[in-house]
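So the structure is just underneath, and the comments pick up after that.
Since every read-out is calculated from the coordinates, none of them should be taken as a lab result. A quick note: this is a predicted structure, and the numbers were derived from the prediction, not measured. Note that each Cβ is placed from the backbone with ideal geometry, even for glycine, and that neighbours are counted across all protein chains shown.
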Amino acid sequence: MNFWQKLLAVDRRVIFALVAVAVIIPFFLSFPIKITVSPPVQAVYDYIEKLPPGSLVMISCDYDPPSAPELQPMTETMLKHFFLKDLKVIILGLWPQGSVQANIALEVVMRDPILKAKNLKYGVDYVNLGFTAGNEFVIIRMGTDIHAAFPVDFNGTKIAELPLMQNVRNFDNIAFVFNVSAGYPGTYEWVIFGVDRYRFKLGAGNTAVQAPLVSPYVQSGQLIGLLGGMRGGAEYEEVSHYFGKATGFMRSQTFSHAVVIFFIIVGNLAYFMTRGKRT
Amino acid sequence: MKKILAFSFLALSLSPAFSQVPAPATQVQAFDTPNDAGRSITIEWQISIDDKDGVVTGYQVLRTEAPEGEYTKIADSPRGTDSYIDSSPENHKDYYYKVRAVTASGFSDSEPSTAVQAMGQWFNRKRLNALIAVLIISGAILYFIEKARSGKELYIRKIAGIEAVEEAVGRATEMGRKIVFIPGIQDMDNMQTIAGITILGHVARKAAEYEAKLEVPVSRALVMVACREVTKQAFTASGRPDAYKDDMVYYVTDDQFGYTAALDGLFVREKPAAIFMQGAFFAESLILAETGNYIGAIQIAGTAQPSQLPFFVAACDYTLIGEELFAASAYLSKDVKLLGSLKGQDVGKFFMMAAILVGVILASLGVYDLSRLFTVR
Amino acid sequence: MRREVPLIITAACGFIFIIQFFVPHPPLNRVQDVFNDWVNIIAGFAIVLGILNLLRVNLNKMSKKSKGWPYALFTILGLSAYVVIGLAFSGGRSFQNPGTAFYWVYINLFFPLNSTMFALLAFFVASASYRAFRARNKEATLLLIAATILMLGRVPLGEYLSGWLPSGWRLADLSDWIMDFPQTAGQRAIMMGIALGIISTSLRIILGIERTYLGGD
């Protein structure tokens, strides 16, 4: 086997090792990176900026731990944006671990000194409705009666007893819904069973793999905007200036993409150098 | 001085900002909210002329059940709004509405609406377009099923992934290694799972005929029950009921990556010769497909998750793309009725292509937005 | 009757669901909610079935000391530990709250283990790309070029490499164009085909023409 043939048959563990190095090394570096904000991300930011203080917003965390490294940063940034704009936040999850992930995000966000100073109260400024089984049927039920879909909150308290939820029966009073989604049920269900029926305003954050599936809805106007993957989270941090983990993780993503492209180039080079010999 | 003060006060009190009573909202209309289950009345009105100047701070919606009865407030609406949906009335009962324009220091009521009753509708007219589409497509499918039954030869193109099923099962038998069938990670309410299970039936029959070992690890308990039934029937139909064991089909976990870890472990330890991944998959698709590729198994995948198709195409030997997964059952069984339904699907596709072409032309000329006809509420 | 009863139930439920989509009048407006509740109840009990099967299969493996039996032991220990911790040591209804033992296991074991499995994708994407993105023919070359543009366009590296180009021609802009137009068009076409496939399969199941999922022909 010559050099090029050996390259074509390289053990995949060599590739894995180089990818690992590409992902880990940037954690020890801190160089500035340039993030250009794309129009779908800008659209979400602009819409939230226009909401008057006191408006009700909803965030549905439809993901679990595997997708959390990619989606948790955008959940944290979005919650921060909501609280800094003095919006009232209703949190829920259509996935069992979604509302737990939301609590984890809240813990991080509430450490911010500005938010600490606001002295936000659970039940008045924000609530976590927890999880209800039923996937898209939960969205349909919320459109008629949220109290029927979520009779108790994450802690087991009747939501009718929470001041924030007393005048909230359905989507009518909710100014904006943001869905953070890793699969099913997710943004697709929120668009088809939520926006199309009840006509509320919806923005979404998806994993990079799911984002292409959902991007047609931005074009059709069913979604106000879309944050796609880690890049979308980093763009939102850039536009809102609430810098968090996503911007830092983009360094690793940059290096790892470069490694993959390097291997693609090398692989094609080896392919062309050995093609004559094979035919 | 007193005269000046009095005159100033009079002038101020006449100015809109300090007027006690705003101009009322007008043309209040209340009607039963259409296309719903009832218990909903929509109230619309023309906003007060003082709304534009910022005098009116908001509106209150008032309701009574008797025309001369006392009106009670049922809702507040911010200024600028001209409609409200009352979701609390009882069906088949008369209600009357008024709209009260409110300022900081006064209010004025509109004329009352005429009597209105809430009621449910028997047909949601907003979905007429969906009904027509369903009738056209279903009609086409049923027509071609009937035509196929009458003996007409139907041409169906080759689907490489399905042709390779026998090859894969044969390979597993020759190598003395297992066949692993994964029916996706969703439950029985997902059509892809049902499509995967129908393919399992055919694969299980082939495995029974070839005396190959079959293993079906599943992610949902209900899917386990269905897969067991299908596999058992397949072995029985092949004349090998004794070869079927319940433990061929077993539950692993509902957790996506717990299931993936278990399958990866199975692949690396047992090194199956053939892996079928037919159903709904998400992020685990590439992990499974790459591991299968690494151990050298022949892999036939099929999914209707567009986001996972590229991973299967890149890592598997054969991939059933989207609707090919649903066509597989018809293809494998060669049942004329099932083949006829595929032809009906093609009519639906032709109808969509024609609509896209016409819509693009009309939109490019700025004549009409055809997408409005296809919006389902 | 063993085949006929399920077919009748399937047909009846199928038609009821189709009709209720077009008829908002009570009681049909409640059909989805009622059926959803029934499905949740059945799925809840089905989990018990699944867990019993899991225990049986793994205990069997352990007792026969089959190949890979230590993994079976680990599975049972993990399942039992998590259940016991959740039920007995985590404060009842609020077992998911921060501070409980269940939460500790979730943050320190479940979360990193699941994230690690998902993170394998990064490595597998690299090895799959190395193998799959070869310019074997025209279509493969097009795929290769699109993939390279997208990979560079989605990270700041693309902006450093192409920032000097006029707006609209930079890698990020080309990457957005690929996502907005060819990619979206392709996705929509596949989704339309899938929708038709689902309609056809559903119709066959409702009418009892397709019966393989029940077992047999």
Charge dipole of the protein assembly as shown built from unit charges on the beta carbon (Lys, Arg +1; Asp, Glu -1), centred at mean Cα; most positive-end Cα among B:T193, B:T72, B:S48 is B:T193
So B:F350 and B:E44, fully extended at 0.36 nm per residue minus their Cα-Cα distance, gain in nm 105.9 nm
Per DSSP, the loop-located GluC sites (Glu not before Pro) within segment B:277-377 having at most 15 other beta carbons within 10 Å are none
Quick note on A:D64, B:D242, ordering by fewest other C-beta atoms within 10 Å, gives B:D242, A:D64
Checking B:V165, B:V21, B:V223 against a Gaussian network model of chain B (alpha-carbon springs below 10 Å), the top fluctuating residue turns out to be B:V21
Amide H neighbours of B:L320 at under 5 Å, excluding residues fewer than 5 places away on the same chain, with H built from the backbone geometry, are B:A301, B:G302, B:T303
Quick shape summary for segment C:1-88, equivalent ellipsoid via Cα gyration tensor, semi-axes whole Å in descending order, reads 42, 19, 8
Candidate cut points under trypsin sites (Lys or Arg not before Pro) in segment A:103-164, DSSP loop plus at most 14 other Cβ atoms within 10 Å of their own Cβ, are A:R111, A:K121
Averaged over the residues of B:298-307, the number of partner chain Cβ atoms within 10 Å of each residue's own Cβ comes to 4
B:S371 and A:V10 label points (each 7 Å along its Cα→Cβ direction) are spaced in nm at 4.4
Note to self, chain A gives a 222 nm [θ] from helices alone (DSSP H runs n ≥ 4, -39500 (n - 2.57) apiece, / all residues, nearest 500) of -15000 deg cm²/dmol
Eigenvalues of the alpha-carbon gyration tensor of segment B:96-250, times 5 and square-rooted, give semi-axes in Å, largest first, of 57, 25, 14
When the charge dipole of segment A:46-128 is computed with +1 on Lys and Arg Cβ and -1 on Asp and Glu Cβ about the Cα centre, the Cα farthest towards its positive end, among A:H81, A:V100, A:P69, belongs to A:H81
Residue span C:M1 to C:W177: 0.36 nm per residue of separation minus Cα-Cα distance leaves a gain in nm of 57.6 nm
Reduced to Cα centres, the span from segment C:120-176 to segment B:322-336 in Å works out to 36
Given unit charges at Cβ for Lys, Arg (+) and Asp, Glu (-), the dipole magnitude of chain B about its Cα centre in debye, nearest 20, is 600
Between the modelled labels at C:S63 and C:N40 (7 Å from Cα along Cα→Cβ) the distance in nm is 3.8
Expected max-MSF residue from B:L365, B:L128, B:L200 in the GNM of chain B (alpha carbon, under 10 Å) is B:L365
FRET efficiency for B:A66 and B:L128 from the Cβ-Cβ distance with R0 = 35 Å, rounded to 0.05, comes out at 0.40
Counting only residues 5 or more apart in sequence or on a different chain, those whose built amide H sits under 5 Å from that of B:I74 are B:V61, B:L62, B:R63
Taking a crude spin-label model, label points 7 Å out from Cα along the C-beta direction, the A:A258 to A:M1 distance in nm is 2.9
Percent antiparallel among DSSP beta bridges confined to the protein assembly as shown, nearest 5, equals 40
Mean other chain Cβ within 10 Å across C:52-63 is 3
Partner shielding of C:93-105, taken as the mean number of other chain Cβ atoms within 10 Å, equals 2
Check: C-alpha center segment C:11-64 vs C-alpha center segment B:361-377, spacing in Å is 39
HN-Hα couplings for segment B:321-328 via Karplus (6.51, -1.76, 1.60; θ = phi - 60°), in whole Hz with x for Gly/Pro, come out as 9, x, 5, 5, 4, 6, 7, 4
Taking r as the C-beta separation of B:E166 and B:A243 and R0 as 25 Å, the FRET efficiency to the nearest 0.05 is 0.85
Between A:Y122 and A:F27, the FRET efficiency computed from the C-beta separation at R0 = 51 Å comes out, to the nearest 0.05, as 0.90
Checked against the positive end of the charge dipole of the protein assembly as shown (+1 on Cβ of Lys and Arg, -1 on Cβ of Asp and Glu, about the Cα centre), the farthest of A:Y188, C:V155, B:G106 is C:V155
Taking alpha-carbon centroids only, segment B:272-290 lies from segment A:1-68 a number of Å equal to 24
Once the in-chain neighbours fewer than 8 apart are removed, the aspartates and glutamates whose Cα is under 19 Å from A:K201 read A:D46, A:E49, A:D62, A:D86, A:E136, A:D145, A:D172, A:E189
Residue by residue through segment B:117-129, the couplings from Karplus 6.51 cos²θ - 1.76 cosθ + 1.60 with θ = phi - 60°, in Hz, x for Gly and Pro, are 10, 8, 7, x, 9, 8, 8, 8, 5, 5, 9, 4, 5
Computed about the Cα centre, the charge dipole of the protein assembly as shown from +1 Lys/Arg and -1 Asp/Glu charges at the Cβ has a magnitude in debye, to the nearest 20, of 2200
To the nearest 20 debye, segment C:133-205 has a Cα-centred charge dipole, built from +1 on Lys and Arg Cβ and -1 on Asp and Glu Cβ, of 360
